[in-house]
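Asks: The structure follows.
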Amino acid sequence: MHREDAIGAAVDHPSTATLHEPELKHHFDDMAQQREAATLGMWLFLATEVLFFGGLFAAYMLYRVWYPGTFADASRSLDITLGTINTAVLITSSLTMALAVRAAATGERRATMTGIVLTMALGVVFLGIKGVEYYEKFAEHHVPGPGFHFEGQAPERAQLFFSLYFAMTGLHALHMIIGLGIMAVMLYMAWRGAFSRRWHTPVEISGLYWHFVDIVWIFLFPLLYLVDRHK
Amino acid sequence: MSQHVIVPRTTYVAIYAVLMVLTGLTTAVAFLDLGFANPVVALSIAVVKASIVVLFFMHMRWSSRLTMVVAGSAIFWLGIMLVLTMSDYTTRGWAWF
């Protein structure tokens, strides 16, 4: 009887020599391996995201090569000031995100929450500015569809630029909105005291997602706003 | 196995400062007439910015080799998508026979 119990315990906990860690799932050897698996999985997901956005970047590249003049005309109708400000806002949110992840790793609960709240606030500012820009595009009839009107030459080609503009920035904005949802969950978990120096993987991989969305914008900004601005 | 590194706050702030300077630079350079080099410069700055976000904010610098390979594969597959798409469409008008 005694012997069977001992065997059962050994099967349940193959690494009984190490201290039992509540955050460690039984299929991982140790915390480092568990953390490594989570990071790797997130990067694998981000690789699929690169290709998800990649299709739109490929379409953009092709039409820009085909219609450089129209793309330049259409690009100049975008508000470069708002675009630059939004780039700065998003980069700042990446800093606050990085600081939130750091605070989680050092076990600073309040700093983690502050970082997440600032990141979310900057995310909302970004979406607000994006909303103002979308509003301007609607007012100028630059939204593709029956009501589309473009002052420059080849309006049908300009419509392609604006289709790509709305598809790319729209997909990016959708990622921002999802990111805000993820951050709300992270904030709740941090508030509940779920994270510690030992285990804070959710904040870390959510941070990877947030930085990825920032990187997409880093490419969207020059491609959409900075085509032949000097003319 | 990757080590769990705590990066100093000053490093993050320094990286942030570089990113902000590059953002200002890319907007400023867009108003200079560099001919065909305009998109090249704009995209080069974007690649530098994205790289330092990946290396520092996303901790790739301190990640395992396997994670680096997976991240690198994303760039590789994106390259295939862009290069093969363009090599198809831009050569359809070529008539050799």
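The values are calculated or read from the model by the stated rules, or taken from the named source; none is laboratory data. For clarity, every value in this text was computed on a predicted model and none was experimentally measured. Please note: Cβ atoms are built from the backbone with ideal geometry, for glycine as well, and neighbour counts cover all protein chains shown. Just the protein is used for accessible areas: all its heavy atoms, side chains included, with ligands, DNA and RNA removed. Shrake-Rupley method; radii C 1.70, N 1.55, O 1.52, S 1.80 Å.
Asks: In the Gaussian network model of chain B, springs joining C-alpha atoms below 10 Å, which of B:T27, B:T67, B:T85 carries the largest mean-square fluctuation?
Replies: Fluctuation is largest for B:T85.
Asks: Relative to the longest principal Cα axis of chain B, at what angle does helix B:65-89 sit, 0 to 90 degrees, rounded to 10?
Replies: Here the helix axis deviates by roughly 20 degrees.
Asks: To make sure I understand the rule: partners must be aspartates and glutamates, Cα under 20 Å from the Cα of A:K137, and not fewer than 8 residues away in the same chain. Which ones qualify?
Replies: A:D73, A:D79, A:E151, A:E156, A:D228
Asks: Multiplying the sequence separation of A:T81 and A:L127 by 0.36 nm and subtracting their Cα-Cα distance, what value in nm do you get?
Replies: Between A:T81 and A:L127, full extension yields an extra 15.0 nm.
Asks: Report the B-A buried area as the accessible area lost on both sides summed, probe 1.4 Å, in Å² to the nearest 100.
Replies: So the total buried area for this chain pair works out to about 4300 Å².
Asks: Here's another thing I want to ask about it. Among B:L34, B:L43, B:L82, determine the one that fluctuates most according to a GNM of chain B built with springs between C-alpha atoms less than 10 Å apart.
Replies: Evaluated over chain B, the most mobile residue of the options is B:L82.
Asks: Can you give the relative contact order of chain A as a percent, counting alpha carbon pairs under 8 Å and 6+ residues apart?
Replies: 30 percent
Asks: Okay, next question. Only four residue types carry charge here, +1 at the Cβ of Lys and Arg and -1 at the Cβ of Asp and Glu. Report the dipole size of the range A:31-225 about the Cα centre in Debye, rounded to the nearest 20.
Replies: Around 780 debye, computed over the range A:31-225.
Asks: Along the charge dipole of the protein assembly as shown, Cβ charges K/R +1 and D/E -1, which of B:L25, A:G207, A:G55 sits furthest on the positive end?
Replies: B:L25
Asks: With n ≥ 4 as the cut-off for DSSP H runs, can you work out [θ] at 222 nm for the protein assembly as shown, using -39500 (n - 2.57) per run divided by the number of residues, rounded to the nearest 500?
Replies: -25500 deg cm²/dmol
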